[in-house]
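The values are calculated or read from the model by the stated rules, or taken from the named source; none is laboratory data. Note that the coordinates shown come from a computational prediction; the quantities given were computed from them, not determined experimentally. FYI the Cβ positions are ideal-geometry reconstructions off the backbone, even for glycines, and counts take in every protein chain you see. For accessibility, only protein heavy atoms count, side chains too; no ligands or nucleic acids. Shrake-Rupley method; radii C 1.70, N 1.55, O 1.52, S 1.80 Å.
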Amino acid sequence: METKILVPDMHCKHCVNRINNALNAEGVNFSVSLDDKTVTINGCEHCLNKAKQTLEDLGFTPELV
């Protein structure tokens, strides 16, 4: 299952690096687009919830697209 999460407060490469490092540490299959301000999660509902929680823990405001 592929789900996009909008991250409107992702503004720069530093944000992308923080997201990449945190989601990689959680073992989530994902891709990040700074241009679209999205994180695409490839996985189950558990992976999606883990990614959303991780983004919130980093101080972002994730919104399902």
Against the longest principal axis of the chain, how steep is helix 45-57, in degrees 0 to 90 to the nearest 10, with axes from Cα atoms?
-> 30
From the phi of every residue in the stretch 29-44, what ³J(HN,Hα) in whole Hz does the Karplus formula 6.51 cos²θ - 1.76 cosθ + 1.60 yield, where θ is phi - 60° and glycine or proline is x?
-> 8, 7, 9, 10, 10, 5, 4, 8, 6, 10, 10, 9, 9, 10, x, 7
Place a label point 7 angstrom from the Cα of K4 along the Cα-to-Cβ direction, then list the residues of the stretch 47-65 whose backbone nitrogen is under 15 Å away.
-> 63-65
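Suppose only helical runs count, i.e. DSSP H with n ≥ 4. What mean residue ellipticity at 222 nm does that imply for the chain under -39500 (n - 2.57) per run, divided by all residues and rounded to the nearest 500 deg cm²/dmol?
-13500 deg cm²/dmol
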Of the residues V16, T61, G43, the Cα lying farthest along the dipole of the chain towards its positive end, which is defined by charges on the beta carbon of Lys, Arg, Asp and Glu, belongs to V16
So which lysines pass the test for K52, namely a Cα distance under 18 Å, with those fewer than 8 places away in the same chain ruled out?
-> K4, K37
Specify the angular offset, from 0 to 90 degrees and rounded to the nearest 10, of the alpha carbon long axis of helix 13-26 from the longest principal axis of the alpha carbons in the chain.
-> 20
For the chain, the percent of accessible surface on carbon and sulfur atoms (probe 1.4 angstrom, ligands and nucleic acids excluded) is 48
Please state, to two decimals, what the Cα-based radius of gyration of the chain comes to when divided by 2.2 N^0.38 Å (N = residues).
-> 0.95
Express the relative contact order of the chain as a whole percentage, based on alpha carbon pairs under 8 Å and six or more residues apart in sequence.
-> 48
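In square angstrom, what is the accessible area per residue of the chain with a 1.4 angstrom probe?
Numbers: 3760 Å² over 65 residues.
Spelled out: the 1.4 Å probe surface of the chain, per residue, equals 58 Å².
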Non-local residues with an amide H under 5 Å from the amide H of D9, with H modelled 1.01 Å from N and Pro and chain starts lacking one, are T61
